[in-house]
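The values are calculated or read from the model by the stated rules, or taken from the named source; none is laboratory data. The shown structure was predicted, so the numbers you read here are calculated from the model rather than taken from an experiment. Cβ placement follows ideal geometry from the backbone for every residue including glycine, while neighbour counts extend to all protein chains displayed.
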Amino acid sequence: MAPKGYRWFDFFVALFVTSLIISNIIAVKLVVIGPWVLPAAVILFPIAYIVGDVLTEVYGYARARRVIWMGFFANLLAVVVIWVGGRLPPAPFWTLGVYATPQEAQHAYDALLGFTPRLLLASFIAYLVGEFLNAYILARLKLKTRGRFLWMRTIGSTLVGQGADSLVFLSIAFWGILPPAALGQAILSQWTFKVLYETLATPVTYWVVNRLKQAEGVDVYDWETDFRPWKLREA
């Protein structure tokens, strides 16, 4: 799948998709990190954005766009398979080693891995909006700055992409459930944490981008790229 001559492209695609799928699975758990109450996915999901930055910066928006769609359909497949697995009848001896009956084990499976339609809709829309905004802004800023100020481009794209992701997901998922003030606080908390996460990771992003450009011998500028999200050709 990697473009001819690119040794590391497949690795970063796999890292991006894996981070996305695992994040959606562990998001069911809420954790306390400093002053924030957040889904456990925040420890991994920002890595998908960082990898998205790397893919866009090194290989260009057109290839990053294809990877974003790969992540979308891989996550869709994971959701479908988990749902089908949950609908299959449990074995009479299946208790996960801790429950008294298969029915209790099934309830645990559904509680941890089950998805409500509203949450799925929120997750999928937020992912597409956030990732495409992140990649688009990063690519456009690269042209505007002639490839300088990588820190400004990664943080700036994250401010918009992660902000849109948090706003769309939490608004769709919890509108009418949380009071407006609590919903606004939740959006602000997630956005702040994710931006802080990527800001602290900026030195690592710099190192990876520079090493990858040297190893691959490529540094794409999207001068002629069609930025429409649904256009899958690398042009």
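What the table shows:
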read-out	value
Residue within the stretch 199-214 that is of a type in the set (A, V, I, L, M) and touching a Pro at 6+ places or on another chain (Cβ under 9 Å) present	yes
Total residues in the stretch 49-81, condition closer than 18 Å to Gly161 by Cα and without any contact (Cβ under 8 Å) to a residue 40 or more places away in the chain	1
Check on Ala201, of a type outside the set (Phe, Trp, Tyr) and touching a residue at least 24 places away in the same chain (Cβ under 8 Å)	yes
Hey, Phe124 within 24 Å of Asp226 (Cβ to Cβ) and modelled with pLDDT of 95 or more or not	no
Segments classed as helices (runs of 4 or more DSSP H), wholly inside the stretch 19-130, with at least 3 members that are under 22 Å from Gly156 (Cβ atoms)	45-59, 61-87
Boolean, Glu104 is acidic (Asp, Glu) and touching a residue at least 12 places away in the same chain (Cβ under 8 Å)	no
Residues satisfying the stated conditions in the stretch 3-30, i.e. surrounded by fewer than 18 Cβ atoms within 10 Å (Cβ to Cβ), touching a strand residue (DSSP E or B) at 6+ places or on another chain (Cβ under 9 Å) and at pLDDT below 85	Val28, Lys29, Leu30
Number of the exception - Tyr127 against (1) in contact with a strand residue (DSSP E or B) (Cβ under 9 Å, 6 or more places away or on another chain); (2) in contact (Cβ under 8 Å) with a residue 24 or more places away in the chain	(1)
Subset of the stretch 35-53 (residues that are buried (at least 23 other Cβ atoms within 10 Å of the Cβ) and over 29 Å from Leu113 (Cβ atoms))	Asp53
In the stretch 186-206, the residues that are within 12 Å of Ile50 (Cβ to Cβ) and surrounded by fewer than 18 Cβ atoms within 10 Å (Cβ to Cβ)	Thr199, Leu200, Thr202, Pro203, Val204, Tyr206
Flag for Leu96 being loosely packed, with under 13 Cβ neighbours inside 10 Å, among the aliphatic types (A, V, I, L, M), at pLDDT below 90 and farther than 21 Å from Ser166 by Cα	yes
Of all residues making up the stretch 141-181, the number that are within 18 Å of Ile68 (Cα to Cα), touching a residue at least 60 places away in the same chain (Cβ under 8 Å) and surrounded by fewer than 19 Cβ atoms within 10 Å (Cβ to Cβ)	0
